[in-house]
Amino acid sequence: MSHIFPRHTKAILPTVFRGEGVYLYDQSGKAYLDGSGGAAVSCLGHGDVDVTHAIKAQLDRVAFAHTSFFTSEPAEQLADKLIAHAPQGIDRVYLVSGGSEAMEAALKLARQYFVEIGQPQRRHVIARQQSYHGNTLGALATGGNEWRRAPFAPLMVETSHVSPCFEYRGRRDDESAAHYGLRVANELETEIQRLGEDTVFAFVAEPVVGATAGAVPPVDGYFRRIRDICDKYGVLLILDEVMCGMGRTGTLFACEQEGISPDIVAVAKGLGAGYQPIGAMLCSARIYAAFEAGSGFFQHGHTYVGHPVASAAALAVLTKLTDGGLVKRAAEMGERLNDALVSAFGQHPHVGDIRGRGMFRALEIVRDRDTKEPFAPELAKHKALKAAAFEAGLICYPMGGTIDGKRGDHILLAPPFILEDRHIDEIVTKLQIAIGAHL
């Protein structure tokens, strides 16, 4: 009998035994192609010797030193390298242990920034429907994932939610992509005015929406309009790149493709590539200067922030992503993956949309391709597809509630950047088995 408290008490899971390249192996020796990188985490695959060497070398020096007493060489070097590749204006790095921590830190930093500069009346945060920003209470409240929020609603801070930029579901037949993007972006301005122009401290968004809606990219111009609105009303723009960042969409920071810079950006998952728990909240020089000129103290912190071993691992990962050319490879192989998915499923009667960027792709599953009508939620098609793919030896990331938290199913793919053409063929073949069995 296990004493682990699992994610689901009725699920019986195999025990992972080892990992190598794009594969994980259970104790029986069965291989599973990690087509989702876990949860878009394992960008380097499994068993990378450079990263494990960096971890071991750091353990031989020092495993832990609390950041109230010391900084560390790997943390400093990691921050330097992140800033060297960060969007314009981003200047400081706050290292944490994961994505939820990074987003919680971002929200608290944004709020305290306005306290520091004498605008304590700014208390509202605006985010988008069908978003997900983490499982801690502040991040959960900010997200628009209804089924995740529902049990904890009485505990959460009030957050406003505007429409996402979800072209497949939201764009009208009588409007261009550009007009659609402006229409949904302008909802932000309307909501700021409703709440009070000097009462909003942040707008939060994923540049490419992750698991909640399934690799949804924005239309061109949407985020430029969002940036303009934030600037007009003095609202901080927080971008959640926990899932879509660190090369996942084909550039190190997903927002690079939007031609904008945020005030605060959160990264995690691919930063550590699964080798150590780590995340980071990065902020602009302007925000840091306000703290430096004010109290000097960010009222936040966790025991393991700036952990030396985690930082050493992330530095090795980031070096391979940048100097090692794996971000570029993610962009190139992502296009090949997309082409293969379109070739195999582009005309399937129950695949309504194939979307994404880089090594971050999704198939939206529908009952009727012409009307975009989803399957009934009680059929739980995403669960059946996940189980069938897993049985075939493919780990993918299907989710339900794609449209509104209840209706809609999609399959998310986020494989390692070391993917080869033969692995793409294997992903498609095993998806065909799962989809053929249940659609």
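The values are calculated or read from the model by the stated rules, or taken from the named source; none is laboratory data. None of the values given here were measured: they were computed from a predicted structure. Methodologically, a virtual Cβ is constructed for each residue, glycine included, from the backbone with ideal geometry; neighbour enumeration extends over all protein chains shown. Heavy atoms of the whole protein, side chains included, go into the accessibility calculation; ligands, DNA and RNA do not. Shrake-Rupley method; radii C 1.70, N 1.55, O 1.52, S 1.80 Å.
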*Run the dipole for the chain about the Cα centre, Lys and Arg Cβ at +1, Asp and Glu Cβ at -1, nothing else charged, and hand back the magnitude in debye, nearest 20.*
800 debye
*Just the number, please: carbon plus sulfur as a percent of the accessible area of the chain, 1.4 Å probe, no ligands or DNA/RNA counted.*
53 percent
_Length gained when the stretch PHE390-ALA178 is fully extended (0.36 nm per residue, less Cα-Cα span)_ = 72.4 nm
*Show that you can apply the helix-only estimate: for the chain, add -39,500 (n - 2.57) for every DSSP H stretch of four or more residues, divide by all residues, and state [θ] at 222 nm to the nearest 500.*
-11500 deg cm²/dmol
*Solvent-accessible area per residue for region 174-220 at a 1.4 Å probe radius, Å²?*
34 Å²
*Could you state the accessible area per residue of region 1-94 in Å², with a 1.4 Å probe and every protein chain left in place?*
66 Å²
*Can you tell which of GLN257, GLY99, TYR397 lies farthest toward the positive end of the dipole of the chain, using +1 and -1 charges on the Cβ of basic and acidic side chains (Lys, Arg; Asp, Glu)?*
TYR397
*Given the Cα-Cα distance of HIS85 and ARG18 and 0.36 nm per residue of separation, how much length would full extension add, in nm?*
20.8 nm
*Among all helices in the chain defined by DSSP H, which have a length of 24 Å or more along the axis from Cα atoms plus a Kyte-Doolittle mean of at least -0.5?*
99-116, 177-195, 326-345, 421-438
*How much FRET efficiency would the formula 1/(1 + (r/R0)^6) give for VAL428 and GLN193, where r is the Cβ-Cβ distance and R0 is 41 Å, rounded to 0.05?*
0.30
*Radius of gyration and Dmax for the chain's Cα atoms, expressed in Å?*
21.3, 63
*Compute the separation of the alpha-carbon centres of region 46-66 and region 178-236 and state it in Å as a whole number.*
40 Å
*Report the calculated FRET efficiency for VAL115 and GLU76 (r = Cβ-Cβ distance, R0 = 25 Å), to the nearest 0.05.*
0.35
*Spin-label pair ALA376/SER163, simplified geometry with 7 Å Cα→Cβ offset, distance in nm*: 3.0 nm
*Give, as ranges by residue number, the residues of region 302-317 whose backbone N falls under 20 Å from the point 7 Å along Cα→Cβ of PHE64.*
302-315
